[in-house]
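*Asks:* Shown below is the structure under consideration.
The values are calculated or read from the model by the stated rules, or taken from the named source; none is laboratory data. Fair warning: this is a prediction, and the values are worked out from it, not measured in the lab. Every residue, glycine as well, gets a Cβ built from its backbone with ideal geometry; the counts of neighbours run over all protein chains shown.
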Amino acid sequence: MDLALLRTFVAVHRAGSFTRAAAFLGLSQPGVTSQIRTLERQLGRPLFHRRARGVIPTAVGDELAHKAAPHLDALLQIAETEREAAGALRTLHVAGPPEFLCLRVLPALAPLVGQGQTLRTALRADAEETLDELAAGHHDLVVTNARPRGGLFAATALCDEEHVLVAAHYWAALVGSDRLRDKDPAALDGIPLVEVHESLPLVTRYWAAVFETRCSRRSGHPCAFQKRNSGPLFSHDRTSRRQTHRPRDPARR
């Protein structure tokens, strides 16, 4: 059996999508589809159920993935080790939000520079775009607050992201604090909102999590500041880690 076919199969199994697997492998989607069909013909059994949004493995596909994946991963690890031993360390490409990269990630990676490792950073605010670039091989590690789809990447939770209502004393004095502690969003009527985007992504999430209702604001006062993203550090290994976003209840002191 062709190892290239097995590698493509495992990538599709982990990604849950021919498209994402193709981006990860650097192949075209028709090429991935053709390889999977070839493997299915060789085995005489279907390996995936095709769905409108991706694929799910059959029982045979799951069994084959569990048998083949550890051995393929071991072979790739041997190849990586041999390549590193044969020459100088290659550049490590890291992407993520500028604030978190500067305050947390780069200081943590600084010792590697002293050992001769070269780092190259890409400042990214959009989590989905960053993960797509990771799948396409543009980065080695990314920091993002969005969970990766499928099982292509390992995800390690670095910290929780907590959303807190913040106001100057003038505006805070106008808020009905008792009503706010009772989780009544009407207490904030008339108070301007400052957000990272006019679509109010953080406010919408906060209203849903804390007030258990949809935000009725049509617009706030968007500004150019980027919110600080904190989230998992992803690599190309297959693992699963949990990451949470915790809007702080206004009743908490």
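*Asks:* Does Ser219 meet the test of being within 21 Å of the chain's Cα centre (by Cα), modelled with pLDDT under 75 and exposed (fewer than 14 other Cβ atoms within 10 Å of the Cβ)? Even if it seems obvious, please write down each step before you answer.
*Replies:* On the way: within 21 Å of the chain's Cα centre (by Cα): no; modelled with pLDDT under 75: yes; exposed (fewer than 14 other Cβ atoms within 10 Å of the Cβ): yes.
When the stated conditions are applied, Ser219 does not pass them.
*Asks:* I've got another one for you. Select, from Leu112, Leu119, the only residue that is assigned by TED's automatic domain parsing to the domain that holds His139 and surrounded by 14 or more Cβ atoms within 10 Å (Cβ to Cβ).
*Replies:* Working: Leu112 fails: surrounded by 14 or more Cβ atoms within 10 Å (Cβ to Cβ).
After applying the criteria, what remains is Leu119.
*Asks:* Residues in segment 193-207: is at least one β-branched (Val, Ile, Thr), at pLDDT below 65 and within 28 Å of Asp140 (Cα to Cα)?
*Replies:* Here is the first cut: in segment 193-207, the ones β-branched (Val, Ile, Thr) are 194, 196, 203-204.
Filter again for at pLDDT below 65, leaving none.
No.
*Asks:* Mind checking whether some residue in segment 47-68 is in contact with a Ser or Thr (Cβ under 7 Å, 6 or more places away or on another chain), within 19 Å of Phe9 (Cα to Cα) and among the β-branched types (Val, Ile, Thr)? Break it down into steps so the answer makes sense when it comes.
*Replies:* Restricting attention to segment 47-68, the residues satisfying the condition of being in contact with a Ser or Thr (Cβ under 7 Å, 6 or more places away or on another chain) are 47-49, 54-55.
Add one more test, that the residue is within 19 Å of Phe9 (Cα to Cα), and what stays is 47-49, 54-55.
Next, from what is left, pick out any that are among the β-branched types (Val, Ile, Thr): 55.
Yes, there is a match, as at least one residue in segment 47-68 is in contact with a Ser or Thr (Cβ under 7 Å, 6 or more places away or on another chain), within 19 Å of Phe9 (Cα to Cα) and among the β-branched types (Val, Ile, Thr).
*Asks:* I've got another one for you. Those residues that are touching a residue at least 24 places away in the same chain (Cβ under 8 Å), of a type in the set (Asp, Glu) and not in a strand (DSSP E or B), I need them from segment 119-178; list them, please.
*Replies:* If we filter segment 119-178 for residues that are touching a residue at least 24 places away in the same chain (Cβ under 8 Å), which is where we start, we get 119-125, 127, 130-165, 167.
Within this subset, residues satisfying the condition of being of a type in the set (Asp, Glu) are 132-133, 140, 160-162.
Matches in segment 119-178: Asp132, Glu133, Asp140, Asp160.
*Asks:* Among residues belonging to segment 179-212 that are among the acidic types (Asp, Glu) and in contact with a helix residue (DSSP H, G or I) (Cβ under 8 Å, 6 or more places away or on another chain), point out the one that is surrounded by the fewest Cβ atoms within 10 Å (Cβ to Cβ). Talk me through it step by step, then tell me what you get.
*Replies:* Step one: filter segment 179-212 for residues among the acidic types (Asp, Glu), giving 182, 184, 189, 195, 198, 212.
With in contact with a helix residue (DSSP H, G or I) (Cβ under 8 Å, 6 or more places away or on another chain) added as a condition, the list becomes 184, 195.
On the way: Asp184: 15, Glu195: 19.
Per the stated criteria, the residue is Asp184.
*Asks:* Give the residues of segment 147-171 that are surrounded by 16 or more Cβ atoms within 10 Å (Cβ to Cβ) and not charged (D, E, K, R), sorted by residue number.
*Replies:* Pro148, Gly150, Gly151, Leu152, Phe153, Ala154, Ala155, Leu158, His163, Leu165
*Asks:* Could you tell me which of the residues Asp73, Asp2 is among the acidic types (Asp, Glu) and under 17 Å from Ala154 (Cα atoms)? Break it down stepwise before answering.
*Replies:* On the way: Asp2 fails: under 17 Å from Ala154 (Cα atoms).
After applying the criteria, what remains is Asp73.
*Asks:* Same structure again: Is it the case, given these coordinates, that Leu193 is in contact with a strand residue (DSSP E or B) (Cβ under 9 Å, 6 or more places away or on another chain), at positive phi and without any contact (Cβ under 8 Å) to a residue 60 or more places away in the chain? Show your work before the answer.
*Replies:* Numbers: in contact with a strand residue (DSSP E or B) (Cβ under 9 Å, 6 or more places away or on another chain): yes; at positive phi: no; without any contact (Cβ under 8 Å) to a residue 60 or more places away in the chain: yes.
No; evaluated as a whole, the condition is false for this residue.
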